[in-house]
1. If I ask for residues that are at pLDDT below 90 and in a helix (DSSP H, G or I), which ones from segment 84-104 would you list?
2. All but one of (1) surrounded by 12 or more Cβ atoms within 10 Å (Cβ to Cβ); (2) touching a helix residue (DSSP H, G or I) at 6+ places or on another chain (Cβ under 6 Å) hold for residue 95; which doesn't?
3. Does residue 109 satisfy being exposed (fewer than 12 other Cβ atoms within 10 Å of the Cβ) and either assigned to a helix (DSSP H, G or I) or touching a strand residue (DSSP E or B) at 6+ places or on another chain (Cβ under 6 Å) (or both)?
4. Looking at segment 30-49, is at least one residue under 23 Å from residue 88 (Cβ atoms), at pLDDT 70 or above and loosely packed, with under 11 Cβ neighbours inside 10 Å?
């Protein structure tokens, strides 16, 4: 990943309990984090995490933009087109053969995967 000051990376944080600070460490100085997950507390759900992200955006050049998904078909089709055109690239941590699917699940369970874990036929 290009981490030069002019490059703006975007990280979509889909790990429920990943600390925002950990996400910020892998981001470029002017990049954007989109936290779209988090269980939060029993009383306010993920709102505490969203509020912390908004407050951090005020005091850092990195942007934190909370996002909630509605799962619209048109959005998924737009993403598929962007993937097909090479406009966006998913980050893959590791690839496993189908015969090694148990190892892939163990890797995901560690919570240390740095991207998607892919199982191929």
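1. Selection gives nothing.
2. Here residue 95 meets the rest and fails (2).
3. yes
4. no
The values are calculated or read from the model by the stated rules, or taken from the named source; none is laboratory data. Values in this document were obtained by computation on a predicted structure and should not be read as measured data. All Cβ positions, glycine included, derive from the backbone under ideal geometry; neighbour counts span all protein chains shown.
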